[in-house]
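The values are calculated or read from the model by the stated rules, or taken from the named source; none is laboratory data. Everything numeric here is computed off the predicted structure, so don't read it as measured data. Here the Cβ positions follow ideal geometry from the backbone for every residue, glycine too, while neighbour counts run over all protein chains shown.
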Amino acid sequence: MKEQWQLRMDAAFDRYFAMSNALQDDVGAILRTGDGSQSFRRNFVRAACALGEGYASCFREICGIGLETGPGDLTANEVKALRDERALDSVERTKFTLRAAYKMLQLPELPNFGDVGWVNAQVLLSKRDCLMHPKSMDDLTVSDAQWDEIYEGARWLFVQLFGLIDQLRVKHGA
């Protein structure tokens, strides 16, 4: 049984590493060629959110393996995020997936969802939803004020996503 669990976990981490490289390359390419235009801003939002969704999907897969032994101290919403990603909107799914992953992996520094970084990350996620389902030009426009919040929200989200792996590396070695 243990060997089967380990094989599944190894495969989940292999998928994470492969996806991580591709998604980070996408964000990097957009930032290197960025000209500040509306098109650049929209593409940054899409790529940043794809990175977030990709990481979160991998974290849900990794944690889902552990969830088979029981939910431990996870809340109902955290379990819901791990078991049925479509049951929550993008903001809730991101928050509860991150919290669940940090808890399940027993990492000491959980994300702070009470600070301005999380507020800005919510602006990023909401704008992504507008861009993917536009109903007006307002949905497609990223104002200067919004851009500052979106950019800082992406930075906050990346710190949380990359921080999870960094904390795992410290806890368990390279």
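For this structure, a couple of remarks:
- Any hit, the stretch 88-99, residues being polar (S, T, N, Q), farther than 22 Å from ARG155 by Cα and surrounded by 11 or more Cβ atoms within 10 Å (Cβ to Cβ): no
- For ASP14, the conditions (1) surrounded by 13 or more Cβ atoms within 10 Å (Cβ to Cβ); (2) not in a loop (DSSP other than H, G, I, E, B) all hold with the exception of (1).
- Taken residue by residue, the stretch 127-150 has no member that is among the hydroxyl-bearing types (Ser, Thr, Tyr) and under 23 Å from SER20 (Cα atoms).
- Scanning the stretch 63-96 for residues that are of a type in the set (A, V, I, L, M, F, W, C), within 21 Å of ASP14 (Cα to Cα) and modelled with pLDDT of 90 or more returns CYS63, LEU82.
- Looking across the stretch 34-49, the residues that are in contact with a helix residue (DSSP H, G or I) (Cβ under 9 Å, 6 or more places away or on another chain) and part of a loop (DSSP other than H, G, I, E, B) come down to GLY34, GLY36.
- Lone qualifier among ASN77, ASN112, ASN120 - being touching a Gly at 6+ places or on another chain (Cβ under 7 Å) and of a type in the set (S, T, N, Q): ASN120
- Wholly within the stretch 92-174, helices (runs of 4 or more DSSP H) carrying at least 3 residues that are touching a helix residue (DSSP H, G or I) at 6+ places or on another chain (Cβ under 8 Å) and touching a residue at least 40 places away in the same chain (Cβ under 8 Å): 116-132, 144-172
- The requirement of being surrounded by 14 or more Cβ atoms within 10 Å (Cβ to Cβ), without any contact (Cβ under 8 Å) to a residue 12 or more places away in the chain, more than 30 Å from THR141 (Cα to Cα) and not aliphatic (A, V, I, L, M) is fulfilled somewhere in the stretch 61-80, by at least one residue.
- The stretch 1-11 - residue that is of a type outside the set (Phe, Trp, Tyr) and surrounded by 12 or more Cβ atoms within 10 Å (Cβ to Cβ) and, of those, farthest from CYS63 (Cα to Cα): ALA11
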